[in-house]
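The values are calculated or read from the model by the stated rules, or taken from the named source; none is laboratory data. Note that this is a predicted model, so its numbers are computed, not measured. When we count neighbours, we look across all protein chains shown, and the Cβ atoms used for this are built from the backbone with ideal geometry, even at glycine. These accessible areas exclude ligands, DNA and RNA; they are computed on the full protein's heavy atoms, side chains included. Shrake-Rupley method; radii C 1.70, N 1.55, O 1.52, S 1.80 Å.
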Amino acid sequence: MAWRCWARAWDPRAHRLTVLLEQRRGFRRVRPRSEEPQTPAGSAEARPAPPPPRRSLCPPPPARGGRPSPRRLVKPLLFAVGFTGTAFGTAAIWQYEALKSRVQSYFEEARADWLDKIRPQKRGSFRKQVNSWWNNLTEGQRTVTGIIAANVFIFCLWRLPGMRRIMFTYFTSDPSSKALCSPMLLSTFSHFSLFHMAANMYVLWSFSSSVVSLLGCEQFIAVYLSAGVISTFVSYVAKMATGKFEPSLGASGAIMTVLAAVCTKMPEAKLAIIFLPMFTFTAGNALKAIIAFDTAGLALGWRFFDHAAHLGGALFGMWYVTYGHELIWKNREPLVKAWHEMRTRNAGKGGGRSN
């Protein structure tokens, strides 16, 4: 998705890309120029036009024939529901463990700070500079660093010719593909174009502080991963309905959830376009414009972006900050309590054996 965004601004024209690609044709021997039959002028038989140039956002996918049955959506639906529940359950347990670890390590950190003061400092060391940079980041920026690293790693895998078939199978989402469920998550981290990846990651980095301060680190990770799966499922449904089966990849659906969540929660926040900083608009109006653009693209059949995935991500972000947080995250107490009791029992059994 060719997003353009920055702290406090984005361009609503940019979105997650639905990669429109040319299928490879079979190789055949080319006739010598002297043997080619001459077509008389005005003949009804015309030579086939040369194929249009391939887009550089993604290489041509392997040929896939036949329209899949709508029943193929059942398995992705179950995967989306199961993965979303697992993501939020894991995030709740992760938050519990993180809070417990912070309490236990309080005195250890105080001791480490005291040792740093009396220990000779290494001036100009690379490790010290990295630690200083990391400590100066916001919690949101530190949270999305791992996501960005995963995207960069998968981008590098696209550069390996031997990995190309595996990347198409598992890192692009298409309901006509052999793999259905795993690409719903893996394609969220997949970019073939450097500009595509850089734009998406810049959007994520720019809004990371706002969304993590709004949701918290653990809840944000659950929302982001669930948004990638849910937006891909919406894309599956749209492709089944229209019969246009094209591979999609990119973090746009999940990023649309982030943008929609922030804009819904803070609709009066002022935003501006980086090249036109004199023109400002509210976050609420920007979200309406983006939704209108994707709705028009889906209705008119525009095929450059995956508008269905964008709408799915945006609607999920709006729903979550309005209702989902109350229905899901605030009802996590029974799970956390059960986890605490299980940990307490296990700790007691371990202590009895050690005595």
Of all residues being modelled with pLDDT of 90 or more and open to solvent by 90 Å² or more (accessible area, probe 1.4 Å) in segment 302-329, which is nearest to T232 (Cα to Cα)? Just the residue, please.
L315
Need the failing condition index for A222 against (1) in a helix (DSSP H, G or I); (2) without any contact (Cβ under 8 Å) to a residue 12 or more places away in the chain; (3) touching a helix residue (DSSP H, G or I) at 6+ places or on another chain (Cβ under 9 Å), just the number.
(2)
Assuming S176 fulfils every condition listed in (1) surrounded by fewer than 19 Cβ atoms within 10 Å (Cβ to Cβ); (2) among the small types (G, A, S); (3) within 26 Å of G140 (Cα to Cα) apart from one, which condition is it?
(3)
If I filter segment 166-173 for residues that are free of Cβ contacts under 8 Å to residues at least 12 places away in the same chain and assigned to a helix (DSSP H, G or I), do I get at least one hit?
yes
May I ask you to list the residues in segment 217-230 that are farther than 12 Å from I147 by Cβ and open to solvent by 20 Å² or more (accessible area, probe 1.4 Å)?
I230
Can you run down the residue pairs with Cβ atoms below 7 Å, 6 or more apart or on separate chains, where the first is in segment 133-153 and within 12 Å of W205 (Cα to Cα) and basic (K, R) and the partner is modelled with pLDDT under 90 and open to solvent by less than 60 Å² (accessible area, probe 1.4 Å)?
none
Has segment 273-281 got any residue that is in a loop (DSSP other than H, G, I, E, B) and out of contact with any Ser or Thr (no Cβ under 8 Å at 6 or more places or on another chain)?
yes
Considering only segment 283-332, state which residues are assigned to a helix (DSSP H, G or I), touching a helix residue (DSSP H, G or I) at 6+ places or on another chain (Cβ under 8 Å) and basic (K, R).
none
Check G42, G89, G124 and return the single one that is modelled with pLDDT of 55 or more and on the phi > 0 side of the Ramachandran plot.
G124
Across segment 124-161, what is the total count of residues that are more than 24 Å from S208 (Cα to Cα) and either open to solvent by 70 Å² or more (accessible area, probe 1.4 Å) or β-branched (V, I, T) (or both)?
6
Of all the residues that make up segment 231-278, how many are over 16 Å from F171 (Cα atoms), surrounded by 18 or more Cβ atoms within 10 Å (Cβ to Cβ) and modelled with pLDDT of 90 or more?
15
Could you please tell me which pairs satisfy a Cβ distance under 6 Å, a separation of 6+ or placement on different chains, a first residue in segment 239-262 that is under 27 Å from P70 (Cβ atoms), and a second residue that is at pLDDT 90 or above and of a type in the set (D, E)?
F245/D174; P247/D174
Only unsatisfied item for A241, checking (1) within 22 Å of the chain's Cα centre (by Cα); (2) assigned to a helix (DSSP H, G or I); (3) not basic (K, R), is (1)
